[in-house]
Structure formats: structure tokens, C-alpha cells
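Right, one structure below, let's go through it.
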Amino acid sequence: MKETAIRYLVLASSQKRVQGLSEMLHGQIETSADFLVVSSNLWDLWHWGTSNVSLLAEKKIADHELAAWGPHLSSLLNEVEANVPKEVVLIFRTGAAGSWGACPDTDGSIPLPHVGVHKQHMYQLNAVAKAALRQHPRWHLLDVEPLLGEFDCPQHYLRDYIHMTPWVNWNILNLYINMLTNHWHDHGLPSWRRTRHHRAHLH
């Protein structure tokens, strides 16, 4: 059996990047890809923290900034849907808040130079993303925020206190595969897999 083809798409959902997304995706995602994961929240916060640090000056992002971010995220989801074959399963992953208990910075921000990202910032973007996904029925949601909330200790994170260790990522990958197989159980195998499965039985 063919190995599962995994495609990750990690983009900040700024309008400029969304406008160029269709050109990037066109012809790049093969029909033999089983699923595609989008997770942009941390990248958006990084972008804000490096290009417009005033957005993260407070421990909560202003309501009007969140209201502007939501439509950009919806545009990103729409562009992916329009440029990825229908049989590819789409998954949106919320952002992990990071290991704040391990951070040397006592004010609760991620210890990255010039980027004052706070735990609450990630929670806010996750909430907006989950609300936006209700309008996009093709997408599956993997909400890692409550799952990874239990891993607030240094040994589960790399030295930046943001990215998870390979052990945790393998467990997240297992969740992706379970979501994929559940989708196939409900909707059937994609056509390219049915063809390969039939040919294998003929031999």
C-alpha cells in the first residue's frame, strides 16, 4: 500500500500572503495527497510582533484587531479550498500556547527577541479561528490548545519553549491519521486510492 502522503501548509494569513496563495498552490498539491494541515496562528503572532509590535503591546489583542483578522483567516481557508482537490482532507490546527511555566520571562511572554507574544494572544486567535471554521464545513478541526495544555513543562518543548519535541509531534501526527481514517470511514476512500486498491487485488 502506498505510504500516506502528508502535506503541511503553514502560512500567516495576512492579506498580502492570501492574495498570492492561489499561485503558490496551483499545481503544487497532488491528488494523491491524503490530507493537508493549516496552522497559521503562531506565524500571525510572530508577524505582528516583528512588523507591528503595537498590536501585542497589551496582554490582550484589541477587539477591532481580532475582528479584522477573522476575515483574513476566512480568505485563507477559501483560497485553500479553491485550489486543493476535493478529495484532499483539510485540517485546521489551533496554536499551542507554549510552555509558560518554563519561560524565564516572568511576565508570561514567549522569550523571543522583539516579540512580546502572550499566552492570552494565542487563546484569542484560537477562539476566532474556531468561530470562523463553523462557516467552512469542509474543514476538520484539531484543537490542540486543551490537549497540549497538560504539557507545560520544559522536557516536552524545544529550547524556544514554543515548538514541541518530536515525541509530542508524533502523537499529534497520530491524531491527524485518526481524523483521516474516520473521514474515509464516513465518506469512502478517495478515487486514486480505490484504483490502487483494486489493482492490488487484481495482482
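The values are calculated or read from the model by the stated rules, or taken from the named source; none is laboratory data. Worth saying up front: this structure is predicted, and the values here are computed from it rather than measured. Heads up, the Cβs are rebuilt from the backbone with ideal geometry, glycines too, and the neighbour counts pull from every protein chain shown.
Could you please let me know if L56 is aliphatic (A, V, I, L, M), modelled with pLDDT of 85 or more and either surrounded by 19 or more Cβ atoms within 10 Å (Cβ to Cβ) or within 15 Å of the chain's Cα centre (by Cα) (or both)?
no
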*Among the numbered criteria (1) out of contact with any helix residue (DSSP H, G or I) (no Cβ under 6 Å at 6 or more places or on another chain); (2) at pLDDT 85 or above, which single criterion is violated by H136?*
(1)
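Yes or no: N169 of a type in the set (S, T, N, Q) and at pLDDT below 85? Before the answer, list the steps.
On the way: of a type in the set (S, T, N, Q): yes; at pLDDT below 85: yes.
When the stated conditions are applied, N169 passes them.
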*Check whether at least one residue in segment 76-90 is exposed (fewer than 13 other Cβ atoms within 10 Å of the Cβ) and modelled with pLDDT under 85, and report yes or no.*
no
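Of all residues in segment 128-148, how many are exposed (fewer than 14 other Cβ atoms within 10 Å of the Cβ) and among the small types (G, A, S)?
Total satisfying the criteria: 1.
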